[in-house]
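Here is the structure we will look at, set down as structure tokens.
Since every read-out is calculated from the coordinates, none of them should be taken as a lab result. The model shown is predicted, which means the values in this text are computed figures rather than measured ones.
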Amino acid sequence: MNDDGLLYDYLDELLEPEQAREAEAMVARDPARFAEIARRRAILYRPYAVAPPPRARRALRLARYAAVFLLGALTPLLLPLSPKPLNPKPEAAKLEVTNRRLR
């Protein structure tokens, strides 16, 4: 096996323990190879988003629609009613106009 094949198998964790130690020693001796392995490892283990399957997307869309509908329907029930005034204003007595000079 050539050196590149050994290193690729090392990255894929396909080597026996003794071969893995040999690959690690090879990487430790060469700084350029160490940088290359670190770069490839970063590419391999980079997190990325995976779209859910179409059936799951439909179910998720339906669940989201149901949640919005229930929230809209239940919100008025969950909000407290407006409080009634403690001391309602008494009805204002009718004013009698005694001075007709007001204009």
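So between Thr75 and Leu14, what do we pick up on full extension, going 0.36 nm a residue minus the alpha carbon distance?
Working: separation 61, 0.36 × 61 = 21.96 nm, distance 5.68 nm.
Here the answer is 16.3 nm.
Quick check on region 3-44: take the gyration tensor over C-alpha atoms, sort the square-rooted eigenvalues as a ≥ b ≥ c, and tell me if it's rounded (a/c under 1.5), prolate or oblate.
Oblate.
Would you kindly state how much longer the chain becomes between Arg33 and Tyr45 on full extension, computed as 0.36 nm times their sequence separation minus their alpha carbon distance, in nm to one decimal?
2.5 nm
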